1. If I ask for residues that are under 19 Å from the mean Cα position of the chain (by Cα) and at pLDDT 85 or above, which ones from the range 141-163 would you list?
2. Kindly indicate whether residue 27 is surrounded by 14 or more Cβ atoms within 10 Å (Cβ to Cβ), among the hydroxyl-bearing types (Ser, Thr, Tyr), within 22 Å of residue 133 (Cα to Cα) and modelled with pLDDT of 80 or more.
3. Those residues that are in contact (Cβ under 8 Å) with a residue 12 or more places away in the chain and more than 24 Å from residue 26 (Cβ to Cβ), I need them from the range 124-163; list them, please.
4. Just to be sure, is residue 115 modelled with pLDDT under 80 and surrounded by 10 or more Cβ atoms within 10 Å (Cβ to Cβ)?
5. Give 88, 65 a once-over and let me know the one that is under 30 Å from residue 32 (Cα atoms), in contact with a helix residue (DSSP H, G or I) (Cβ under 6 Å, 6 or more places away or on another chain) and modelled with pLDDT under 75.
6. Show the residue pairs meeting these rules: Cβ distance below 6 Å; 6+ apart or different chains; first residue within the range 1-23 and at negative phi; second residue at pLDDT 75 or above and small (Gly, Ala, Ser).
7. Would you check if residue 57 is modelled with pLDDT of 80 or more, β-branched (Val, Ile, Thr) and out of contact with any Cys (no Cβ under 6 Å at 6 or more places or on another chain)?
8. Check 131, 138, 36 and return the single one that is among the aliphatic types (A, V, I, L, M), surrounded by fewer than 12 Cβ atoms within 10 Å (Cβ to Cβ) and either assigned to a loop (DSSP other than H, G, I, E, B) or modelled with pLDDT of 85 or more (or both).
Amino acid sequence: MKAAVLAPLYLSVSWVLIVTYQLFTQTAVSAVATQINQYLPSVGAWIFSNVEVIIFVYSFSWIFVLSSVIPAVILGKQRSVLVQFLVVLVLTLLAFILQGILLPTGELPEELLGFAFFLNNPLVATVFLLIPYILMLILDLRTRRKEKTKREMKKITSILPEL
C-alpha cells in the first residue's frame, strides 16, 4: 500500500528534478567554464568544446542517483533489475521528450532563463553541478553506516546466547 501511494510521488519529483537539471545544466557548465577560462584557457576551451558530453554526464548522474533511490523506496529490498531499468528508461525518455518540447532550438527560452539567473554565478553553478554527486556520497555513507551497525548487532546477538 505504501509503495502504491509513494511511487507516483517519487516518480513525479524525480522527473521534475531530472528535467530541471537538464534544462539548467548548460547554463551552470557555461558559468563554470567561463570562470575556469580566465585562469586556465586550455581547460575552459576544452569544456566549451565538450559541453554536450558534460551535460550528458551530469544528466546521467541524476538519473543514476534517482534510479538507485526510487526502486529501493518503492520496492524495498526486493529490487528487480528489470523494474530499475524500466524506471530509468521512463525517466530518461520523459526528460528528453520534455526537453525537446521546451527547447526546440536547443537554447533556454527567456521565460526559463529567468529561473536560471542564479546559475551565472560560478560558485552557485558549481554547487548545482555537484548536487547529484553529494547525494551519491551521502547515500553511500548512509548505506555503509547501516551495514556496519547491522554487522555489530549480529556480533552482539551471536555473543548473547553464550552469556
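The values are calculated or read from the model by the stated rules, or taken from the named source; none is laboratory data. Remember, it's a predicted structure, so these values are computed and weren't measured experimentally. Glycine also receives a Cβ, built like all others from the backbone with ideal geometry; neighbour counts cover every protein chain displayed.
1. 141, 142
2. yes
3. 139
4. In short, yes.
5. Of the residues listed, the single one that is under 30 Å from residue 32 (Cα atoms), in contact with a helix residue (DSSP H, G or I) (Cβ under 6 Å, 6 or more places away or on another chain) and modelled with pLDDT under 75 is 88.
6. Short answer, once both residue conditions are applied: 22/59.
7. Yes; evaluated as a whole, the condition is true for this residue.
8. Going through 131, 138, 36 in turn, just one is among the aliphatic types (A, V, I, L, M), surrounded by fewer than 12 Cβ atoms within 10 Å (Cβ to Cβ) and either assigned to a loop (DSSP other than H, G, I, E, B) or modelled with pLDDT of 85 or more (or both): 138.
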